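Quick note: the coordinates plus some simple rules give every number you see, no bench work behind them. Every value quoted in this text rests on a predicted model; they were computed, and no experiment measured them. With ideal geometry, Cβ positions are generated from the backbone for all residues, glycine too; neighbour counts draw on all protein chains shown.
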Amino acid sequence: MGKHIGNAFLMLLGTLSFSSAQESLLYGQKDRLAGIQLMINRQARAITGMLKSTPVGPLVREAGLAPAEALLEARQLRYTTRLLSLPENHPAKKILPVSFREGDQHTQPGEQTPGNRQWAERNNQGPWSLGQHLARQFANILPADPSEGFESMIQTTSSQFPGQIEVPLGPEALAAAQSLPPGLAIWSDGSRLENGRCGAGLAWQEPGGTWKTQGLPLGRGYEVFDAELLGVVRALQEELVA
């Protein structure tokens, strides 16, 4: 019986959770949050059969339920993730501030509207718009600096790659490298460690025979593809100034 009651309750809570979270956590209406917590407390007693005098904390944990605030915050974080994953031209994505979506590390004066960075101001206590609240909440759990923004998905038309990519085996790759025509050849590589740190490296031989290397650390919050692309771009930049 308790299991069926629990399933019905979770379905109801799933329907009410985001709107209640928006009202309770966004605008400070703690009474809404308290109302949902009361529902959870009643559900915990129905599951465990405990008395009303049982402390709420152990009661909820024993019933396998989550506190209302943690549950609602988790749902808001999932909602923010869904907004960030939408295509760039999707109207719902504009709920989030542009300074959060695209970053402000390279923003020029006047490019973003005043007040767009309220989510990043630590001494600002609100009131918040929905987008500012979601951005601030999401940024607080990120292990990396969000000032560079987030990668966006762009829908493109299918086209064929104009070149040809070859990945030869070790001996063949060494023979190809030794038979390169005269001129500057730059080798690049990117990698990502198990601890999340990313970086790229360059190596090239100058006309006099001296080998030079350059390390390009990225830190955490990036993928190995970002490191590979950074190595390629920096190699092209070195080629231009050589």
- Message: Whole-Hz ³J(HN,Hα) for each residue in segment 63-72, computed from phi via Karplus 6.51 cos²θ - 1.76 cosθ + 1.60 with θ = phi - 60°, x for glycine and proline: what do you get?
- Response: 7, x, 9, 9, x, 4, 5, 5, 5, 5
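If R0 is 41 Å, what FRET efficiency do you get for Ala34 and Ala92 from their C-beta distance, rounded to 0.05?
Details: r = 30 Å, r/R0 = 0.73.
Efficiency, from the Cβ-Cβ distance: 0.85.
Just want to confirm a number: the relative contact order over segment 170-241, from Cα pairs under 8 angstrom separated by 6+ residues, in percent.
Working: 110 pairs, mean separation 22.6, N = 72.
Across segment 170-241, relative contact order equals 31 percent.
Volume per residue, Å³, of the convex hull around the alpha-carbon atoms of segment 170-241? Don't jump to the answer; show the numbers that get you there.
Numbers: hull volume 7.5 nm³, N = 72.
Spelled out: Cα convex hull of segment 170-241, divided by residues, is 104 Å³.
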